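Worksheet: the structure to be examined is printed underneath.
The values are calculated or read from the model by the stated rules, or taken from the named source; none is laboratory data. These figures come from a predicted structure and were not determined experimentally. Positions of Cβ are backbone-derived with ideal geometry, glycine not excepted, and every protein chain shown enters the neighbour counts. SASA here: full protein model, heavy atoms, side chains in, ligands and nucleic acids out. Shrake-Rupley method; radii C 1.70, N 1.55, O 1.52, S 1.80 Å.
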Amino acid sequence: MSTLETEPRSRGLGERIRSDPEPATVWAGACLLLLSVQFGAVFQTVRALFPGGAVGSYVPAFVGAPVAAAGEFVGSLPTLLTRDVIPNQGYRLPGQGWQETFLGLEPAVAWLVRVALIYVYSLAWLALLWWGYRIFRSEYRAADWTPMDDKVARFRSHYWGISGVVVVFFFVVMAVFAPAMGPTTVERNIQEPFSYEVSYFDEEAGSVATETVGTANFESGSSGTPEENVGPLSYDDYGRFHPIGTLPKGNDMFTFMAAGARISLSIALLSIGISVLIGVGLAVFTAYYKGLSDLVAVIASDSVQAIPQLLLLILLASLLRGTWLGSLYNGAAVLTIIFAATNWPYLWRAIRGPALQIAENEWIDASRSFGQRPRRIMQKHMVPYVTGYMLIYASLSIGGIIISVAGLSYLGLGISAPTPEWGRAVRMGQDYVTTASWHISLIPGVMIVLLVTAFNAFGDGVRDALDPQAETEEDAEIATAGGSGA
Amino acid sequence: MASTQSEPLLAVENLRTAFHTDKETVYAVDGIDLEIQRGETVGIVGESGSGKSVTARSIMNLIEPPGHIHEESSIRFEGRELTTLDESEYQQLRGGKIAMVFQDPLTSLNPVYTVGNQIKESLRLHRGLRGSEATEAAIELLEDVGIPDAPRRVGDYPHQFSGGMQQRAVIAMTLACDPDLLICDEPTTALDVTIQAQILELLDDLQRERDLAIMFITHDMGVIAEVSDRVNVMYAGEVVETAPVVDLFENPAHPYTRGLLRSIPGNQTDTDRLETIQGDVPVPNEPATDCRFADRCPAAFEDCRAVHPSPIAVGSDGQDHTAACLLYPESASRSEAVGLHRDGIDSDGGRDV
Amino acid sequence: MSRLKYLGKRLLLSIPVVLFGTSITFVLLRMGPIDPAAAILGGQQTQGGNYEQVRQQLGLHRPLWEQYIDFMVDLFTLKLGQSWVIAQGTPVSELLAQYAPRTLWLGFWSVIVALVIGIPLGFYAGLNPNSWSDYFASFGGIVWRAMPNFWLAVIMVSLISQSQKFGFDWQNWVVSTQVVTPPSLNNLTDPMEFLAALKMVLPAALVLGSASMGNEMRIGRTAVLETKNANYVEVAKAKGAPGRLIVWKHVFRNALIPLIPIISGEAFLLIGGSVLVETVFAINGLGYLFFQAAVNGDLPLVGSLMFVFIVLLVSVNILQDVLYTLVDPRVGYEGEGQ
C-alpha cells in the first residue's frame, strides 16, 4: 500500500501504534486467544514440514535432541479441534447409545460438530484479520485514502469474485485442517492401517470386539455392486462413518480427499509463488533495461513454452521418479519445481505489457535523472503496479496446475501411493462410474471443477477490481482452459 | 436565408427521445422543433450532454433500447412522416436520401475491409451498382472529395489513410447515393485545425455542387460561425435559441448563448481570466417544469424556477429569431411575459411573427 | 512493414526457439538419472561386458558435447533413430507413421467439434445478450474451463459403454463399433469405414475439444459484444445496411480476430491433452506412445517425439501468425499509420 507523502513521514508505523496502543492491543489479544486454542497443532504442522530424515542426520546430536524433545512437548499441548477432544469414532451398544464419541452423539453428528467448529474457528480468524485491517486503516495508517481502498471496495461488491473467495476458503480450510477434519487420519486409515485397531460392536457375538483397521477396510471397500459398496453419508459394518463413502480398498474417502486437497493446494500455491517471483523480477528487469535482456528473455520463454507442458511433466516425472528428489514429499517436490520452471514464461509474458507501459512513464526517467538507483526504481515504482496484474494471471493459472497434478496422478506419475491425491481417486473409481460406486470417480472431479472455477472467479474479481475498464489479455482466457491440457 | 414559404426539407416537431434505465429516465431530447430547408446548412451547437447527438440519431432512427422516441414526436422529411416508417423503409432512407457523418473517422471505417469496399457497399445498397461499375463510381467519389491518386487508394485499408483523408473517405461514402440531407455529428472535432479547415471547405464545395442540405452539429462556436446559415442552440435537451447565424452572433438573446459567445477565447476583453459559464449541464431526468439553465444563469429570477419557457420571437421582424427565455418578449413587462410562457402561448415555436 | 516481412521476422525468431527447446530436451534426457544402457538391458546391471558393449553401440562413451552435436544434427536431418525399449529396433519414423494418423484424426475432429459448436454458440450469445443461450454460453464456458479432460473422458467412456442402461445403444448405433479401441483408418474412402472411424473418435474428440469449446464460446461472445458496439457498425447502419449484412459482413469478421489465438491455443491443448484422452479411450496415438516411451525410459523415442511435438507447436504458432495476417490487415502496423 503506497502512502501519499504530502507531509514528511515523521512517525513510523511503530510510533503511531505506540501513541495509541489500545485498539492494537485488543486486536493482538484476540489473536492470541484464538491461537492458544490450537497451539499444539500449529507446532506439529511446522515440525512436519521439515523432511526430518534428510535434515536430521546433518544436525549434531547435542543440538538435535533437545530441539526434538521441545518439539514433542509443544506438539503434545492440548488442541481444541482434534479428534481427541471431539472424537467421532465409537461403537453403539444396544440400548445404551454410542460409546466413546463426543457427548455420546452419533458418529456422523459428532463429526459434523467438529467440522463445523473448524469452520467457525477459521471464520473467526478471517474476521479477526479483516478487523485488524480496518483498525489499521482507521487508526494507524498515515493516509486517509489510497487507490487500494477503491480496489478493495470494488472487489467487495463483485459477487462472482467473492463467491470464488468463499469456495477457495472452504478448500483451504479443508487442506489446512486436513488431519482434524476427516473422520479418521491418513496414518490410521491409509498409510499404516494394520498398526491400528478399531473397536466395534459385533452383532453376532453380541459384544464389543476389536479389529485392525486394515482388515476393517478390506471389508468396507466399494467395488460397484450394492452389497460391496459404502456410499456417501453412510456407515460401514464397523460403525465407522464415511461422509463420502469409501474407496475400492476400503479407505475412507473424505480423509483421502482432504489430504489430497492439502497436496494439490500446496503444490499449486508454492509453485505459482515461485513463478510469480521469477515473472515479476524478470518483467521489471527486462522492462527497465530493455534491449538484449528482453530479447534473451523472449527466446528463453518461447523455448520453454514451445515444449508441451504436460509432456514435459510426464518426461520429468518419469525420469526423476526413482531418485531422492522424486521421493521428497512423495513426488510433490518434483512437481512443484517443474511447475515453477514451466509456468513463469506465461506469467512473464502476461505482465510484460504493463511493465513496459510503466517503464515508458516519464516519472521513471525523472527518478533516474536525480540519481535514483535502478533497483530502487524498480522496487518502488514498477513492482507495485505490476503486482496487481500478476495477481490476476497467477490466480487464473492456479487452476491449470491443480488439473495437471490430478492428471499426472491419474496416469500414475504424479504423487505416488499411498499419499492421497485427487487424480488417483479418479483412476481407482474408473470402472465403477455407472455403478453404485459412482462416488469414487465423480466426486474428485466435481471438487476439481469447483476449486478451479473458484480460482478463476477470484481472478475475474481481482481483474475487475483493479481496473473495471481494462482490456486484459485474452491470453488470460487461454490460461484458464485447464492449463496444459489435462 | 429567411424562411421561405415552401415546405422545408426536414421538419422536426416536438421531438422527444428518452432513455429508460432502471435507475432513472433521461429525457435526452425533450420537445424540440427544427427546420432545414433545401441546400441550407443548419448548425446545432451546445455543450456535451445537450442532446445534439441524440437529436441526429433520432432523425436517423438509430436509437437503441432503452432509448425510445416518443409517439408525439414528428419528423417530416420531404413531406413524409418518418416516425411511422418501419425498419426496412428506414433502411432505404438511410444512406440514400439522408446520410450521416460521425465524429471519429478512424473508427467509422471497418478496419478489415478496404475503403473502396465500403464505398461500394453503399453503392450496391442504394444504386444497385456492382463490379467494375461500382469501382469506377467509387474512384470518382474519392476524387470528388479531394483524395489524390484515387484509383490506387480505392484498394487501401483505412489505417493506411491519414486522419483528414479518412474523414474525406467517410464523406465520400455518404455521398455515394447523392443524399439530399447530410447530418454531420462533430465531423471535425477529432482532427487537427488545419485539416478541419480543409474538411469544412470540402463540405462547402459539395453543398454548392449538389444542392446538399447539411445539419452540422458541434460544440465549437467558431466552426458554427463559419459553416451555418441558421443556428440552433441546444441546452439540456431543449432548443433555447434559433436564429440566422449573423443575427445570433450580433444579437444573442438567450443568456446561455451570450455566455457561450463570451467564453470564446478570441472574444475575451478582460485578459486576466477566461470567462466561463460556471457549473455543468444538468442531466435532464425529469420532465421540464422550469428553466433548466436557471441554476447557471446570471439573469435568473424567481419565476425561472417555476415556469418552463417557450420559444418566443425576439429582435426585429423578419429575422426569424426565437429564444426560450422568460426575459422575452422584451416589450412586455416581466409578469406579462411570464404569463405568456406559463400559458404555453406560441407552443409551436412562435415562428410566424 | 509489410505483412510478409512481419511473417518473415516471426519465422526467423522461431528457429532459435526450436533449437533451445530441443537442447533442453537433450539435457533432460542425457543428464537424467535414467541410464540408457541399463534401460535397454532391462535391468540394474551397470557392469559387465554386455553393458559396455551396449554403451559402445549407443555412442555413450563419447564426450557429452559430441553426443549433443550428433543429437541435434540427427534430429534436424530427420534421422530420428530407433526405439530402444518399447519396440526394439523399430525405426522411430516407422512408429510415427503408425501412430501419428490416429492422433491426427483425433486432433482434426477435436478442432472441428470445438469450432463448429463453440463459435456459433458464442456468436449467437453475443448477438442476443441476456437470453437463455447467453447464460448457457457463459456458464458453459466457465464450467468447461475448469473441467479436467481426463475426468470427462472417464465419465464419457463409462456412459458410452453402459449406454444400454440409459436406453440407448451406442455401440450399435449407425455402425457397430467398440468403445475403447483405436480407430481403424485404413479405408477412409469407404463411407461405412469412414463413419465407423468417425464414430470411434467422436467421443474422444468431444472431450478433447470441450475445453477449447468453452473458451471459444466465451471469447466469441465477448468479441461479438464489443464489435456490435463499434462505431463502424453504427456507420453501417447509418448507410442503410440491413441487419444481416451488418452481422455477417461487419461483425463476424472483426469478431474472428480475437478468436485466432484461441484456435491456435487449441493446438497446445491438443498436444498435451491427447496423452490423457488417448490413454482413456485406448486410441493408440502419439500421445499414448510418448507416455509409454517416457515411463519405460525409451530415450531416443522420447527425444524424437519431443522434437516432433516442439516443431508442431512452433508451426502452429506460425500458422496463427499467418492467419492473423490474412484476417487483419493492420498486423505489423503498430505505430505506423501514415
- request: Calculate one ³J(HN,Hα) per residue across region A:258-269 by plugging θ = phi - 60° into the Karplus curve 6.51 cos²θ - 1.76 cosθ + 1.60, and present them in order as whole Hz with x for glycine and proline.
  value: 5, 5, x, 4, 4, 5, 4, 5, 4, 4, 4, 5
field: Using a Förster distance of 45 Å, the FRET efficiency for B:S162-C:S131 (Cβ separation, nearest 0.05)
entry: 0.60
- prompt: Among B:G279, B:G96, B:G49, which one moves the most in a GNM of chain B with springs linking Cα atoms closer than 10 Å?
  reply: B:G279
message: Give the separation of the Cα centroids, region C:192-223 to region B:285-313, in Å.
response: 64 Å
- prompt: Rounded, prolate or oblate: which one fits region B:151-220, using the alpha carbon gyration tensor with axes a ≥ b ≥ c (rounded when a/c is under 1.5, else prolate when a/b beats b/c, else oblate)?
  reply: oblate
message: For a quick check: with amide H placed at 1.01 Å from N, whose amide H comes under 5 Å from B:L9's, ignoring anything fewer than 5 positions away on the same chain?
response: B:I36, B:Q37, B:R38
- prompt: Under a GNM of chain B (C-alpha, springs under 10 Å), which listed residue has the highest mean-square fluctuation: B:D211, B:D104, B:D272?
  reply: B:D272
field: Shape call, chain B: gyration tensor on alpha carbons, a/c limit 1.5
entry: prolate
Projected area, mean over directions - region B:37-125, Cα convex hull, nm²: 7.8 nm²
- request: Using only the Cα atoms of region A:218-343, build the gyration tensor, take square roots of its eigenvalues as a ≥ b ≥ c, and label the shape rounded, prolate or oblate: rounded if a/c is under 1.5, else prolate if a/b is larger than b/c, else oblate.
  value: prolate
field: HN-Hα J in Hz across region C:199-205 - Karplus 6.51, -1.76, 1.60, θ = phi - 60°, x for Gly and Pro
entry: 5, 5, 9, 4, x, 5, 5
- line: The B/C contact buries a total accessible area, at probe radius 1.4 Å and rounded to the nearest 100 Å², of 2400 Å²
message: Give me Rg/Rg_expected for region A:186-251, where Rg uses Cα atoms only and Rg_expected = 2.2 N^0.38 Å with N residues.
response: 1.07
- request: With springs only between Cα atoms under 10 Å apart, run a GNM on chain B and tell me which of B:G222, B:G43, B:G237 wobbles the most.
  value: B:G222
task: Quick one: angle between helix B:163-175 and the longest Cα principal axis of chain B, in degrees between 0 and 90, rounded to 10, please.
output: 90 degrees
message: For a quick check: with amide H placed at 1.01 Å from N, whose amide H comes under 5 Å from A:E197's, ignoring anything fewer than 5 positions away on the same chain?
response: A:V213
field: Listed residues B:T83, B:G116, B:S58: farthest to the positive end of the dipole of region B:53-147 (Cβ charges)
entry: B:G116
- prompt: So what are the ³J(HN,Hα) numbers for region A:113-118, from phi and the Karplus equation (6.51, -1.76, 1.60; θ = phi - 60°), rounded to whole Hz, Gly and Pro as x?
  reply: 4, 5, 4, 4, 4, 4
